[in-house]
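Participant: Okay, handing you the structure first.
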Amino acid sequence: MSLRLRIAVETPQHSGLAGALDYASDQALAPGTLVRVPLGRREVCGVVWDPADEPAPTDAGWAVKPVAAVLGGLPPLGPSWRRLVSFAAGYYQRGLGELALAVLPPELRLLDDAALERRRRRKRRAATAVEADRPPPLNPEQAAAVAAIASALSAGDGLATTQPPPLLLHGVTGSGKTEVYLHAAAQALAAGRQVLVLVPEINLTPQLTERLARRFADRRLVTLHSGLTPAQRLQHWLAAHTGEADLVLGTRLAIFASMPRLGLIVVDEEHDPSYKQQEGARYSARDLAVWRAQSERLPVVLGSATPSLETWQRADEGRYRRLTLAARVGAAALPRVRLVDWNQCPKPKGPPSAIAPPLLDALRLRLQRGEQSLLLLNRRGYAPVLHCTSCGWKSGCPHCSAWQVFHKAERVLRCHHCAAAARVPQACPQCGDLDLHAMGRGTERLEEQLAELLPGARIGRIDADSTRAKGELQARLQAVHAGEVDVLVGTQMVAKGHDFRRMTLVAAVNPDGALFSSDFRAPERLFALLMQAAGRAGRDAAMGPSEMWLQTWHPQHALYAALRDHDYPRFAATQLADRRSAGLPPFASLALLRADARDGAVAEAFLTEAGRQAEARAAEAGAALIAYPAVAPPISRVADTERRQLLLESPSRAALQHVLRAALPDWHALRSQHRGLARWAVDVDPLAI
Ligand SMILES: [Zn+2]
Ligand SMILES: [Zn+2]
């Protein structure tokens, strides 16, 4: 007798197949079992989904292909994992099988039972007997936070009827959030549970990895991130799935780790945009962490000094419980914020300086005292554009609506959108003039200018260019920690969780750009970046008072005023009031429909019709929805492809979800009517607009 099974298989998104497919099997297979099945002319990997409870119909019309192979040696993927994948596929409007297979380690597809058995027999290296770090004593705020998480842990043991609310751990930089995570993790581990810790970027948080490894030296910790080899990723994933690993530390993809004994989820720097996947299924790992915790009835801790406004609003509404760490550990003070008003600075005779005179004096003072300084400039390269002063030529990218950035040391002009590079011309390609001029300033140029302004100072630079070679980032960070650098220049990479003990001055060289951006989230991101950068200074009370400098043309701006007082709640309240009156998230739900084509008009026509269909579906259901006109994003052409986007907005998340579900088949059908359309995609809860 043959059984009919529902199986999630890897169907491409454009096929429009959203759910699982029917296959036949001689044996009953538990949901979550990995199988190989035929699809078209290929054989693909699949996961058995809902139990097929109907026996095979006897009529001859049932022509369903049989399952080709079963990976029986692997324990089935559990119901909580399948629920998470089902939810994510539905919410982010992707195919079930596409998402399920995309979040499993790719090597799993190559595995058969024999290979699995060999892998299992391979002896694990015996754990080296390392003495675990002793936890330091907690201050009263930390102790209160740990106690709150502990009570959520016991509420979420599966027996309780109450669901612990998500916990927001709002702690200023240096307040010891990590120690709270470690204590909470220790409690979950002691209760026999697994712990999942998410970080935005594993390379930028080496200290958290080290601390976890040292504190839990007697436990098995695995990492999951895109920097692993395929074999490592499979090995780590299997350790989590079989329950051998007690702790999983990973980036956004780790939210889909199969963990049968999961007891606690921690999302560090929960506001960080890296938690949003920017291609394929554009999921938010932070939001899925909250969903997964609710679904599995376990506590989730969202930690940040500058929480996302979505999270902050939910805490204001009482849907999340807020835990506050207001003081820095060890009596270290927050840096004093000083604004340099460019309007008040005397105009120099020559070209404008990167560093205003008072900031230069402050840097010299640090040098004399043997203290370190950090200069933040969120733009890499030497200069954003090369310019001919006689004819006006500029170094535009031939493939994009963007400039090619001048990289002086490499002697290239490179586009940061399509990576097209060209040698720096000796003379103007348009008029032959030799007087080419670098306009504006990137980190490479700032480094060069600092060397002139501060003779004898040891200048270091950390950005995506200077750390491309393997191991280079770690080496450069190590040099800063070892005191071999006096002044560090860097992009936002250096603003993240590094614990620089000798740093007493942080300066944002040119932060104004984001104040007047068309992206409504730009101020939120700027505030978070500056607060985080400020947090690099004065972490060691013994080093004396520290300072955060901002060079600005707009010293009266409310964002800087809130920053000066380290007043995130005030900043958040102002921003939330603006968002509420403008009907923006978190007071509305958004989805962005994107379309790419060689010809911008093709993309626009597709979007316009798609928007009309969405409005029609909304009208059918009586759902409130606005489809805005299709527009070009700020960089409208990338790699010879025109990009367009259309915003769908609804005051209700449920209504938007309903419309997306209803309109998705319309859009798949619509695609064939628009020849020349390269691709289209839906981005639910988009971050960049
Ligand atoms: Zn010219
Ligand atoms: Zn380009």
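The values are calculated or read from the model by the stated rules, or taken from the named source; none is laboratory data. Owing to the predicted nature of the structure, the values given are computational and were not obtained by experimental measurement. With ideal geometry, Cβ positions are generated from the backbone for all residues, glycine too; neighbour counts draw on all protein chains shown. Ligands, DNA and RNA are stripped out before the accessible areas are found, and what is left, the full protein with its side chains, is counted by its heavy atoms. Shrake-Rupley method; radii C 1.70, N 1.55, O 1.52, S 1.80 Å.
Participant: Mind listing just one residue for me: the one in segment 447-464 that is over 28 Å from the mean Cα position of the chain (by Cα) and among the small types (Gly, Ala, Ser) and, of those, nearest to ligand 2 (Cβ to nearest atom)?
Facilitator: The selected residue is 451.
Participant: Looking at segment 47-74 only, could you name the residues that are at pLDDT 90 or above and small (Gly, Ala, Ser)?
Facilitator: Matches in segment 47-74: 68, 69.
Participant: Out of (1) farther than 19 Å from residue 446 by Cβ; (2) out of contact with any strand residue (DSSP E or B) (no Cβ under 7 Å at 6 or more places or on another chain), what's the single condition that is false for residue 502?
Facilitator: (2)
Participant: Any idea which of 353, 308 is under 30 Å from residue 588 (Cα atoms), among the hydroxyl-bearing types (Ser, Thr, Tyr) and either out of contact with any Cys (no Cβ under 6 Å at 6 or more places or on another chain) or open to solvent by less than 30 Å² (accessible area, probe 1.4 Å) (or both)?
Facilitator: 308
Participant: Next question. What are the residues in segment 253-282 that are part of a strand (DSSP E or B) and either open to solvent by 10 Å² or more (accessible area, probe 1.4 Å) or over 20 Å from residue 194 (Cβ atoms) (or both), if any?
Facilitator: 276
Participant: Please work out if residue 514 is more than 21 Å from residue 451 (Cα to Cα) and among the aliphatic types (A, V, I, L, M).
Facilitator: It is true that residue 514 is more than 21 Å from residue 451 (Cα to Cα) and among the aliphatic types (A, V, I, L, M).
The rows are residues; the columns are (1) under 30 Å from residue 600 (Cα atoms); (2) more than 27 Å from the chain's Cα centre (by Cα); (3) more than 16 Å from ligand 1 (Cβ to nearest atom).
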residue	(1), (2), (3)
355	no, yes, yes
359	no, yes, yes
363	no, yes, yes
370	no, yes, yes
377	no, no, yes
400	yes, no, yes
405	yes, no, yes
409	no, yes, yes
415	yes, no, yes
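Participant: Right, something else. Taking residue 435, is it loosely packed, with under 14 Cβ neighbours inside 10 Å, within 16 Å of ligand 1 (Cβ to nearest atom) and of a type in the set (D, E, K, R)?
Facilitator: Here the answer is yes, as residue 435 does meet what is asked.
Participant: Can you tell me which residue is farthest from residue 431 (Cα to Cα) among those in segment 364-414 that are of a type in the set (S, T, N, Q) and in contact with a Lys or Arg (Cβ under 7 Å, 6 or more places away or on another chain)?
Facilitator: By that ranking, first place goes to 372.
Participant: Still on this structure, I have one more. Sort out for me the strands (runs of 3 or more DSSP E) sitting completely within segment 358-427 that have 1 or more residues that are away from ligand 2 (no atom under 16 Å from the Cβ), open to solvent by less than 70 Å² (accessible area, probe 1.4 Å) and in contact (Cβ under 8 Å) with a residue 24 or more places away in the chain.
Facilitator: Where strands (runs of 3 or more DSSP E) fall fully within segment 358-427 and carry at least 1 residues being away from ligand 2 (no atom under 16 Å from the Cβ), open to solvent by less than 70 Å² (accessible area, probe 1.4 Å) and in contact (Cβ under 8 Å) with a residue 24 or more places away in the chain, they are 372-376, 385-388.
For (1) modelled with pLDDT of 95 or more; (2) of a type in the set (D, E, K, R); (3) within 16 Å of ligand 2 (Cβ to nearest atom), each residue gets a yes or a no:
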residue	(1), (2), (3)
445	yes, yes, no
466	no, no, no
496	no, yes, no
502	no, yes, no
512	no, yes, no
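Participant: Might you let me know whether segment 502-509 holds any residue that is surrounded by fewer than 20 Cβ atoms within 10 Å (Cβ to Cβ) and either within 25 Å of residue 552 (Cβ to Cβ) or free of Cβ contacts under 8 Å to residues at least 60 places away in the same chain (or both)?
Facilitator: no
Participant: Right, here's the next one. Based on what the data block shows, is residue 633 assigned to a loop (DSSP other than H, G, I, E, B) and closer than 30 Å to residue 506 by Cα?
Facilitator: no
Participant: Given the residues 618, 624, which is the only one that is buried (at least 20 other Cβ atoms within 10 Å of the Cβ), within 30 Å of residue 312 (Cβ to Cβ) and over 26 Å from the mean Cα position of the chain (by Cα)?
Facilitator: The conditions single out 618.
Participant: Looking at residue 634 and the list (1) modelled with pLDDT of 95 or more; (2) surrounded by fewer than 15 Cβ atoms within 10 Å (Cβ to Cβ); (3) not β-branched (Val, Ile, Thr), which single condition is not satisfied?
Facilitator: It fails just one condition, (1).
Participant: On the given criteria, is residue 624 assigned to a loop (DSSP other than H, G, I, E, B), of a type in the set (Gly, Ala, Ser) and in contact with a strand residue (DSSP E or B) (Cβ under 6 Å, 6 or more places away or on another chain)?
Facilitator: Against the criterion (assigned to a loop (DSSP other than H, G, I, E, B), of a type in the set (Gly, Ala, Ser) and in contact with a strand residue (DSSP E or B) (Cβ under 6 Å, 6 or more places away or on another chain)), residue 624 qualifies.
Participant: Among the listed residues 457, 464, which satisfies the condition of being away from ligand 1 (no atom under 16 Å from the Cβ) and either out of contact with any Asp or Glu (no Cβ under 7 Å at 6 or more places or on another chain) or open to solvent by 50 Å² or more (accessible area, probe 1.4 Å) (or both)?
Facilitator: Of the residues listed, the single one that is away from ligand 1 (no atom under 16 Å from the Cβ) and either out of contact with any Asp or Glu (no Cβ under 7 Å at 6 or more places or on another chain) or open to solvent by 50 Å² or more (accessible area, probe 1.4 Å) (or both) is 464.
Participant: Would you point out which residue out of 577, 558, 572 is of a type in the set (A, V, I, L, M), farther than 22 Å from residue 375 by Cβ and crowded, with 22+ Cβ neighbours inside 10 Å?
Facilitator: 572
Participant: Would you point out which residue out of 482, 427 is away from ligand 1 (no atom under 16 Å from the Cβ) and among the small types (Gly, Ala, Ser)?
Facilitator: 482
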